[in-house]
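J.: Just dropping this structure here.
The values are calculated or read from the model by the stated rules, or taken from the named source; none is laboratory data. Note that the coordinates shown come from a computational prediction; the quantities given were computed from them, not determined experimentally. Cβ sites come from the backbone with ideal geometry, for glycine too, and all protein chains shown count toward neighbours.
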Amino acid sequence: MTLGFYPGCSLKGSSREYAESVLAVAKAFDINMEEINDWNCCGATAAHNMNKELSLALPARILSLAEKQGLTEIVVPCAACYSRLTVTKYELSKDAALKTVVTEANGLEYTGLVSILNIIQMLDKYITPNLEGRVVKPFDHKVACYYGCLLVRPHEILKFDREEDPQSMDVLMLKAGATPIDWAFKTECCGAGLSVSRTSSVGRLSGKIIGDAKDRGAEAVIVACPMCQSNLDMRRDAINSYLGEKVDIPVLYITQAIGLALGLDRKALGLQRHFVKVSV
Amino acid sequence: MSKIGVFVCHCGENISATVDCAKVAETAGTYDGVAFSVDYKYMCSDPGQNIIKNAIKEKGLTGVVVASCSPRMHEPTFRKACAEAGLNPFMCEMANLREHCSWVHEKNEATTEKAIDLVRILVEKVKYNHSLNEIKVPVTKTALVIGGGIAGIQASLDIANTGHKVILIERDPSIGGHMSQLSETFPTLDCSQCILTPRMVEVAQHPNITLYTYAELESLEGFIGNFKAKIRRKSKSIDEKLCTGCGQCTTKCPVKKIPSEFNEGLGKRTAIYVPFPQAVPNKPVIDRGNCTYYIKGKCKVCEIVCPTGAIRFDQEDQIMEVEVGAIVVATGFTVKQPDFFPEYGYGKYADVITGLQFERLASASGPTLGEIRRPSDGKIPEKIVFLACAGSRDPAKGIPYCSKICCMYIAKHAMLYQHKVHGGKSYVFYMDIRAGGKQYEEFVRRAIEDDGVNYIRGRVSKIYEKNGKLIVSGADTLLNAMPVEIEADMVVLATAGVANEGAEELAQKMHISYDPYKFFAEAHPKLKPVETNTAGIFLAGACQAPRDIPESVAMASGAAVKVAGLFSQDELTREPIIAVVNRQAPPVYSSCVGCFLCVSACPYQAIEKEEIKNRNGEVIKLVAKVNPGLCQGCGTCVAFCRTKSIDIQGYTHEQMYTEVMALLNEY
Ligand SMILES: Cc1cc2nc3c(=O)[nH]c(=O)nc-3n(C[C@H](O)[C@H](O)[C@H](O)COP(=O)(O)OP(=O)(O)OC[C@H]3O[C@@H](n4cnc5c(N)ncnc54)[C@H](O)[C@@H]3O)c2cc1C
Ligand code: SF4
Ligand code: SF4
């Protein structure tokens with residue numbers, strides 16, 4: 001079985017381990033992840049702050065390329081890319097004039113028929129139903145599932161999970177043998193793009209998240225977004241100085257946690273690439 | 001040859017701002033059969049009506065077309081004017097140039113052209129109008145009031161005091177509604193029970209009022225002056241005549257842990273219960289869903305202890321049919337519960353409560369006897385936060401409207417808290433303070449200035465629990481959206497006031513309309529606030545929109561006056577806009593072939609079968625016949641009749657066809 005794969009920029013750089021773990025888990029279930037040829041940046045947060053048409057044309061090009069390649073379903077693991085692609089599909093389905101502008105700019109046909117899956121939807125659809133007998137090392141830890149801002153919002157467009165108190169990741173982790181905790185910062189902002197420009201703000205915002213997870217006894221934070229992961233992991237020094245203590249709870253991509261439960265090789269899952277040592 | 005008068009109204013500027021009224025009148029004057037046409041600023045005014053009356057008399061008009069606003073607004077006005085000038089009122093038609101044209105289009109040629117078209121079709125129609133006579137129907141001078149909150153109580157008393165009979169039905173075991181749950185009331189801080197309970201007693205004792213509690217409307221048929229209502233009297237499992245209200249049963253019932261509805265779940269009650277000590281009637285009911293006898297077939301303790309033998313386990317619901325002439329709907333409202341708010345914990349924090357729960361805590365008759373103690377551990381909260389607009393004014397939550405009462409009761413709550421908990425700190429997060437009303441703004445200022453309540457303008461994004469405190473995290477928009485976090489001991493949500501569950505079904509039973517939020521719709525937002533679109537059914541209180549007590553009472557008295565006005569007549573006249581099955585000379589008698597599809601189609605069971613007999617009394621044909629007393633003129637039968645044998649008077653096939661042809665310019 002083949003699924004389309006849009007890695008986006010992060011998964012080729014700072015979050016290589018996310019890509020590695022996605023591919024490793026897919027491979028374990030004989031799913032062929034076919035990368036979209038000649039893909040481009042989705043525009044992320046920059047484009048839609050500057051030019052609406054550009055911010056739609058970039059994701060539309062990716063979707064057009066996927067169509068051209070004959071892909072009907074693509075997996076977009078990065079929450080920001082997922083949001084941009086889905087919003088584009090939604091906007092173009094509602095506005096024929098805009099669709100014409102965008103298609104002409106790209107010079108590529110666009111029908112909007114490709115379906116877009118985030119990583120949770122992908123796992124839920126193709127992995128967990130076949131999980132029986134495959135969990136060799138249950139991920140037997142208390143985990144705080146962290147969804148961030150983009151995975152479930154805006155609800156009208158994404159129609160995915162409950163926007164204030166999402167549950168889908170918790171359900172998946174439960175199936176992988178973990179004990180998800182009830183905590184207060186599931187959808188709080190981690191500081192996202194301020195990572196480089198205002199590290200101290202990230203320290204404060206991500207600090208609250210890590211702080212609450214720690215207070216409630218989490219042994220790992222589970223994420224599904226490269227931005228969230230790098231802020232919570234790479235900015236741990238800033239977080240710890242905000243918290244005034246050293247907190248060493250690791251931050252795992254959900255695919256890494258599930259990969260561990262499946263007994264996949266730690267290196268294949270890229271666990272050695274983290275800043276906070278993955279002790280679980 | 002018809003002599004028709006056309007009267008074009010400017011409606012101030014409402015019509016003339018976009019339609020060239022003079023041109024409409026001038027063009028109408030050129031039509032065949034139009035003997036007079038004119039335009040005027042306000043046709044509905046006295047001079048305007050005189051223009052019509054004089055033209056009828058002087059020109060001998062046989063038909064009138066008034067081109068102005070919606071017939072729902074002024075058809076009665078103009079028909080009356082015609083009648084006063086000696087013309088049958090049903091020879092008057094209205095072209096709706098305002099709602100159907102000037103208000104919805106811009107000023108240009110096409111708009112005027114459309115206005116001319118609207119006038120032309122009615123000129124052609126009126127040529128086929130016939131004189132019709134109003135139908136007389138008797139009035140049953142008994143009113144049905146549905147809902148025994150303050151609005152229903154006020155309406156019942158007001159109607160009863162005019163000397164007419166009232167049947168009041170209340171769904172719960174006691175009357176009183178939300179007002180009976182309130183502690184003190186804004187803006188005077190007088191005790192709610194003290195002003196309400198005497199009225200409840202008055203209702204129970206009034207010779208003209210029959211009160212049925214634990215009762216609901218089952219179905220409704222009929223029309224103004226002549227409704228037939230079926231009422232379901234739910235079984236209370238006691239014989240009310242024998243019960244003395246001694247309370248033995250409620251003290252001895254072993255099932256004691258049911259969350260009390262009256263105390264909003266903050267107190268407990270037994271399975272056989274009186275909702276609160278001042279209830280009217282002060283007699284218990286058995287809550288069968290929680291009674292051990294009904295669940296397990298064993299117990300009957302209440303029966304054993306009851307000194308008068310009043311317990312009746314085998315009592316069944318009773319369906320009762322009553323005839324009433326008018327109905328006042330006063331079923332009130334409800335508030336959203338905390339589980340509606342994921343961001344505030346989906347109802348999982350015991351100390352995040354609703355405003356109604358706070359009322360119970362502050363009430364001397366409540367579970368804490370009026371002390372403000374938090375539900376989780378009974379401690380007195382040192383820091384309390386009130387959240388305005390919880391759900392209200394939030395399109396994302398599907399409640400874009402303002403609930404109107406909460407700004408005021410929050411100020412009241414914060415004030416009561418400050419009066420009761422000395423040294424306590426209270427905070428209010430608000431969007432705007434909406435305190436329009438006599439003494440209202442002053443009341444809020446008192447809370448802020450005299451009682452030191454801290455008002456913070458901004459929204460709260462989430463509430464979560466940490467180390468036994470509720471962390472309320474929001475923003476202060478007067479300080480440049482600065483994040484604010486308050487570690488509170490208790491949080492009170494002013495949750496949105498919404499329509500009752502089941503409001504929609506109730507409205508459908510009564511054939512009254514409701515708005516998108518399921519609040520019942522008034523007939524006109526300004527001029528008919530207590531009427532519905534169904535004649536003879538009126539609204540009072542918070543079933544129409546969230547309302548405070550003064551407004552609910554004013555509405556109730558308004559509705560009562562409407563009912564009294566109706567009952568001041570012995571006969572009502574109804575518009576003769578009803579269906580008729582044609583009759584012709586023998587040997588055809590009627591084009592009706594007797595298929596009786598119409599009988600099954602009629603929603604009012606108004607169509608009967610009539611036998612047409614020859615001189616020897618032998619039945620030669622069976623045809624449909626409309627009972628003019630029952631027909632509501634809905635026209636359903638007309639659509640069903642395959643031989644076109646039924647016409648609605650005033651809207652005949654001929655008239656409709658003529659209108660269409662007039663539009664197609666082929667008349
Ligand atoms: C927390 C809070 C505090 C408030 N404080 C104040 C205040 O201080 N001052 C003030 O002026 N106002 C206050 N109000 C507003 C006040 O409660 C309302 O104005 C008032 O209750 C409206 O009266 P009502 O009779 O229209 O409706 P309700 O009080 O809701 O009564 C409706 C009645 O109809 C019954 N009913 C419902 N459906 C049916 C049915 N299908 N068949 C038969 N019966 C039915 C119900 O059981 C109920 O008894 C407050 C409201 C809240 C929520
Ligand atoms: S029979 Fe039911 S109501 Fe009566 S005492 Fe027993 S539990 Fe209570
Ligand atoms: S009355 Fe005040 S608190 Fe209630 S919805 Fe309106 S603005 Fe909000």
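J.: Assess whether A:Leu205 counts as being assigned to a helix (DSSP H, G or I) and either aliphatic (A, V, I, L, M) or touching a Leu at 6+ places or on another chain (Cβ under 6 Å) (or both).
T.: Yes; evaluated as a whole, the condition is true for this residue.
J.: I've got another one for you. Does the range A:113-127 contain at least one residue that is at pLDDT 95 or above and within 14 Å of chain B (Cβ to nearest Cβ)?
T.: no
J.: Go through the range B:505-523 residue by residue and tally those that are under 25 Å from B:Tyr604 (Cβ atoms) and exposed (fewer than 13 other Cβ atoms within 10 Å of the Cβ).
T.: Qualifying residue count for the region: 2.
J.: Still on this model: Tell me the strands (runs of 3 or more DSSP E) entirely within the range B:556-667 that contain at least 1 residues that are in contact with a Lys or Arg (Cβ under 7 Å, 6 or more places away or on another chain).
T.: In the range B:556-667, B:571-574, B:579-581, B:607-613, B:619-626 are the strands (runs of 3 or more DSSP E) which contain 1 or more residues that are in contact with a Lys or Arg (Cβ under 7 Å, 6 or more places away or on another chain).
J.: Exactly one of (1) surrounded by fewer than 18 Cβ atoms within 10 Å (Cβ to Cβ); (2) in contact with a strand residue (DSSP E or B) (Cβ under 6 Å, 6 or more places away or on another chain) is unmet by B:Leu211. Its number?
T.: It fails just one condition, (1).
J.: Looking only at the range B:126-157, count how many residues are surrounded by 23 or more Cβ atoms within 10 Å (Cβ to Cβ) and assigned to a helix (DSSP H, G or I).
T.: 8
J.: What number of residues within the range B:394-425 satisfy the criterion of being away from ligand 1 (no atom under 16 Å from the Cβ) and closer than 20 Å to B:Ile463 by Cβ?
T.: Going through the range B:394-425 one residue at a time, the tally reaches 5.
J.: Just to verify a result, which residue in the range B:454-466, among those that are out of contact with any Lys or Arg (no Cβ under 9 Å at 6 or more places or on another chain) and of a type outside the set (Lys, Arg), is farthest from the other protein chains (Cβ to nearest Cβ)?
T.: Of everything passing the filter in the range B:454-466, B:Tyr455 is farthest from the other protein chains (Cβ to nearest Cβ).
J.: Please tell me if A:Met50 is modelled with pLDDT under 95 and in contact with an Asp or Glu (Cβ under 8 Å, 6 or more places away or on another chain).
T.: no
J.: Please work out which residue is farthest from B:Gln544 (Cα to Cα), limiting yourself to the range B:341-379 and to residues that are touching a Leu at 6+ places or on another chain (Cβ under 9 Å) and within 14 Å of another protein chain (Cβ to nearest Cβ).
T.: By that ranking, first place goes to B:Tyr349.
J.: Evaluate the following for A:Gly148: is it part of a loop (DSSP other than H, G, I, E, B), at positive phi, away from chain B (no Cβ under 14 Å) and surrounded by 21 or more Cβ atoms within 10 Å (Cβ to Cβ)?
T.: yes
J.: For residues in the range B:466-493 being among the acidic types (Asp, Glu) and surrounded by fewer than 19 Cβ atoms within 10 Å (Cβ to Cβ), which is nearest to B:Met431 (Cα to Cα)?
T.: So the residue we want is B:Asp476.
J.: May I pose another question? Considering each residue of the range A:248-280, count those that are within 16 Å of the chain's Cα centre (by Cα) and either modelled with pLDDT under 95 or under 12 Å from A:Lys137 (Cα atoms) (or both), and give that number.
T.: 3
J.: Could you look through the range B:577-612, keep only residues that are exposed (fewer than 15 other Cβ atoms within 10 Å of the Cβ) and among the polar types (S, T, N, Q), and pick out the one that is nearest to B:Ile224 (Cα to Cα)?
T.: Among those that are exposed (fewer than 15 other Cβ atoms within 10 Å of the Cβ) and among the polar types (S, T, N, Q), it is B:Gln605.
J.: Right, something else. Restricting the search to the range B:363-392, which residues are crowded, with 19+ Cβ neighbours inside 10 Å and among the β-branched types (Val, Ile, Thr)?
T.: Passing the criteria: B:Thr368, B:Ile372, B:Ile384, B:Val385.
J.: Then there is this: Please find, among B:Asn133, B:Asn226, the residue that is under 14 Å from B:Ala326 (Cβ atoms), at pLDDT below 95, more than 16 Å from ligand 2 (Cβ to nearest atom) and not assigned by TED's automatic domain parsing to the domain that holds B:Met91.
T.: After ruling out the rest, the residue left standing is B:Asn226.
J.: Being away from ligand 2 (no atom under 13 Å from the Cβ), more than 30 Å from B:Arg547 (Cβ to Cβ) and surrounded by fewer than 16 Cβ atoms within 10 Å (Cβ to Cβ) is the requirement here; does B:Thr308 meet it?
T.: So B:Thr308 passes the test.
J.: Look at B:Gly86 and say whether it is more than 16 Å from ligand 3 (Cβ to nearest atom) and part of a loop (DSSP other than H, G, I, E, B).
T.: It is true that B:Gly86 is more than 16 Å from ligand 3 (Cβ to nearest atom) and part of a loop (DSSP other than H, G, I, E, B).
J.: Moving to a separate point now. Take residues that are surrounded by fewer than 19 Cβ atoms within 10 Å (Cβ to Cβ) and in contact with a helix residue (DSSP H, G or I) (Cβ under 6 Å, 6 or more places away or on another chain) and tell me which of the helices (runs of 4 or more DSSP H) falling wholly in the range A:211-278 contain 1 or more.
T.: Filter on the range A:211-278 gives A:236-243.
J.: Also, quick follow-up: Just the residues that are in contact (Cβ under 8 Å) with a residue 12 or more places away in the chain and farther than 18 Å from A:Ala26 by Cα, please, taken from the range A:241-263.
T.: Answer for the range A:241-263, where residues must be in contact (Cβ under 8 Å) with a residue 12 or more places away in the chain and farther than 18 Å from A:Ala26 by Cα: A:Ser241, A:Tyr242, A:Leu243, A:Val247, A:Asp248, A:Ile249, A:Pro250, A:Val251.
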